[in-house]
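Here's the structure, in structure tokens; my notes come after.
Nothing in this text is a laboratory measurement; each read-out follows from the coordinates by a stated rule. Here the structure is a predicted model, which means the values were calculated and not measured. Every residue, glycine as well, gets a Cβ built from its backbone with ideal geometry; the counts of neighbours run over all protein chains shown.
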Amino acid sequence: MHSKYSDRQYVIIAIFTFIILIFLARLSYIQLIDDQYKLTARNQAFRYMTDYPARGNVFDRKGKRLVYNQAAYDLMVTPKQVQGIDTNDLCKILGIDKETFLRRMLKARQSPNSPLKQSVFEKELSVENSAILNEKLYKFPGFFLQPRSLRKYPNPIASHLLGYVGEVPPEMTDTSKYYKNGDYIGISGLEKAYETSLRGIKGVHIEVVDVHNRPQGSYMNGRYDTLSVAGKDITCTLDAALQEYGEKLMQNKIGSIVAIDPSTGEILAFVSSPSYDPNLLIGSTLPKNFSILLQDSLKPLFNRALMASYPPGSTFKLVMSLVGQNEKVLFPETSYYCAGGFNYGGEKQLKCDAQHGYLTLQPAITHSCNTYFCHVFSSVMSNRKKYKTMEAVFSSWRNYITSFGIGVRLNSDIPNELRGSLPTIPYYNKVFGEHRWKPNTIISLAIGQGEVGITPLQNANVVCIIANRGYYYIPHTVKAIDRNENDPSLQRFKEKHYTLVTDTSYYNIVVEGMSEVVKSGTAAASQIPGIEMCGKTGTAQNPHGKDHSMFVCFAPRNNPKIAVAVAVENGGWGAEWAAPIGSLMVEKYLTDTITRPLIEKKMLEADFVHHKIISKEKTEHSE
């Protein structure tokens, strides 16, 4: 007999069955699909500690260590696990107030971080604080110490070339599979260019912890740990002693020195002055010190050797000598008369520093005659037998110049290399009007003035080309990676790059002229006893003040081992400051001695800026 109670019984059974199914479905979702509770349980039992690899050391070409690592600890936090701690005790150890503690905890919980993820709470704890914390960590569940390392510079030189390491930008952590919040990365210089070699490979150590946050040992005896792989050591091309000497010569001066081995393209010295102590840009002190350096009126962060563009001045006459010969409008015996200047555009005159009379090519180089090279430039630009229009001949001339690495990037391994400046046809058409400019209109290019600008790195490379009689290797800063000079990333620096002037006889007359510059010409006061140095002085016009002192050279004359370019801003004549500095660099490298102490003393003591470059009292060091 069917009753109303039996119907009610079925309804109750259905309701309970439905509720049970809901619980089963939810349980299945939690266990099989949703990782939240799994992660919470796992994070409470395990601690995943990143095993940061030691970053590769950097050595100079003779094995002297330039950059190494020092140990440091970061205090990490997993917000979800922070419960019931003595906040005041932790704040006392760290030397912070409660407001700072709460602000940092809020930041750790917010996106892109998660309450379940680890993040940095306090960077670079002192040895004392890390030791105290290590003993008391069981009182602070959710906190643990993460070992890492910071860069250290035993000799504070070559800051612009070595670069510095800083925290990874937030936008990179969003897309990178390797970097996470709080990691460090090469920001500039060699540290940036060779980041993937230097950084190594991170590992992971899984540690079991109890409910009181106390370590209980490795999970499964480390079976699931992955070991870090140390970064590769790098052998730099720098000669540390030469670099240090160059920085001393440029102290209290503004400008740069670049020295290269012409036979390899290896950069021996890379001086940008004013400079700064690279130890200032380490770890937590970096932001404050960077801001101080950035506001310094002398711009010590600006890499003048790579980014400053100077008119090459008379050093450009060397290139014009080669172009003129290759175009068959200039020969060693070609003679022009100098009455003290080159007349152009009516009464306008581009003056010489003397009346040189009749000169042929070699003496014109030796005495740096403006008149002579204005005639050379004019003859190149007026070569209508070969070119039908001014635009065609200018385009050809420009191709010559870029083949010497001027007005283009050399593709060195130093980041942020600039191309300098070299005028174009559209530029002159805009300034003077189409078909309305002629050789005399742009005659200042003949002597390295006007619209042409060259970086010190490019200037040094031009001298390497002349030293090699027609080719160069791309200037670079790394000699070997993990002691391997044949590392694939270095192969591009072993290729010869030829200019459009390939006849070695054209270079020989230029080299002869450069040799005479030092023997009896404008750089005679900078001769080195026992060494035949070939050089060329230059005085680059500066519309903002006193002219810049320029000098390029290489030595010895045969089988050159070093080429140098020097720029001293507001130094005036090239022979007065740049030439002595260049010759001292050559002598130091080739003989490791200085035989001209009076010249050295004058260069070392010269002060063009009248105050210290970096005030030690205004910056913080990271020890």
Mind listing the phi-derived Karplus ³J(HN,Hα) values for segment 319-325, rounded to whole Hz, using 6.51, -1.76 and 1.60 with θ = phi - 60°, and x for any glycine or proline?
-> 5, 4, 4, 6, 5, x, 5
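When the helices in the chain are scored as -39500 (n - 2.57) per DSSP H run of 4 or longer and the sum is shared across all residues, what 222 nm value do you end up with, to the nearest 500 deg cm²/dmol? Mind dumping the intermediate values first?
Values: 21 runs with 208 residues, N = 623.
That comes out to -10000 deg cm²/dmol.
How far, in nm, would the chain grow between Ile85 and Val127 when pulled straight, counting 0.36 nm per residue and subtracting the alpha carbon separation? Working shown, then result.
Numbers: separation 42, 0.36 × 42 = 15.12 nm, distance 2.28 nm.
Gain on extension, Ile85 to Val127, equals 12.8 nm.
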Local electrostatic count, Thr595, Cβ distance below 12 Å [Lys/Arg +1, Asp/Glu -1] | -1
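Got a sec? How would Phe551, Phe59, Phe608 order by Cβ neighbour count within 10 Å, fewest to most? Kindly include the intermediate steps, with their values, before the conclusion.
Details: Phe551 34, Phe59 21, Phe608 17.
Least crowded to most crowded, the residues run Phe608, Phe59, Phe551.
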Which loop trypsin sites (Lys or Arg not before Pro) in segment 380-481, with loop taken from DSSP, have no more than 10 other Cβ atoms within 10 angstrom of their Cβ?
-> Lys385, Lys388
So how far apart, in nm, are the two label points at Glu605 and Arg409 if each is 7 Å from Cα heading toward Cβ?
-> 4.5 nm
Can you tell me the FRET efficiency between Lys519 and Ser284 if r is taken as the Cβ-Cβ distance and R0 is 60 Å, rounded to the nearest 0.05?
-> 0.60
So what is the relative contact order for segment 46-236, in percent, with contacts set as C-alpha pairs under 8 Å and at least six apart?
-> 34 percent
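Lys and Arg at +1, Asp and Glu at -1: add these up for the other residues within a Cβ distance under 15 Å of Phe493 and post the number.
Numbers: positive: Arg61, Arg409, Lys479, Arg492, Lys494, Lys496; negative: Asp261, Glu266, Asp413, Glu417, Glu485, Asp487, Glu495.
In short, -1.
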Contour minus end-to-end for Ile201 and Leu294, with contour as 0.36 nm per residue of separation and end-to-end as the Cα-Cα distance?
-> 30.2 nm
Select from Met76, Asn459, Ile12 the residue farthest towards the positive end of the dipole of the chain; place +1 on Cβ of Lys and Arg, -1 on Cβ of Asp and Glu, and compute about the Cα centre.
-> Ile12
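Which order results if Glu191, Glu516 are arranged by neighbouring Cβ count within 10 Å, fewest first? Mind dumping the intermediate values first?
On the way: Glu191 27, Glu516 20.
Final ranking by Cβ density, sparse to dense: Glu516, Glu191.
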One finds, for Thr595 and His435 with R0 = 41 angstrom and r their Cβ-Cβ distance, a FRET efficiency to the nearest 0.05 of 0.10
Ala25 paired with Gln491, simple spin-label distance in nm, labels 7 Å along Cα-to-beta-carbon | 6.1 nm
For the chain, find the longest principal axis of its Cα atoms and tell me its angle to the long axis of helix 98-109, 0 to 90°, nearest 10.
-> 90 degrees
If the label point is 7 Å along Cα→Cβ of Arg398, which residues in segment 498-515 have backbone nitrogen under 19 Å from it?
-> 500-501
Over the chain, what is the mean sequence separation of C-alpha contacts under 8 Å (at least six apart), divided by residue count, expressed as relative contact order in percent?
-> 14 percent
Grab the other residues whose beta carbon is less than 11 angstrom from that of Met390, score K and R as +1, D and E as -1, and report the net.
-> +2
How far is helix 240-249 tilted off the main Cα axis of the chain, in degrees rounded to 10, range 0 to 90?
-> 60 degrees
Could you give the nm distance between label points at Arg103 and Phe46, where each point is 7 Å from its Cα heading toward the beta carbon?
-> 3.6 nm
Could you pull out every residue, at least 5 positions away or on a different chain, whose amide H is within less than 5 Å of the one on Val209? Hs are placed 1.01 Å off N in the peptide plane, and Pro or chain starts have none.
-> Phe46, Arg47, Gln216
FRET efficiency estimate (nearest 0.05) - Cβ-Cβ, Leu418 to Thr504, R0 30 angstrom = 0.45
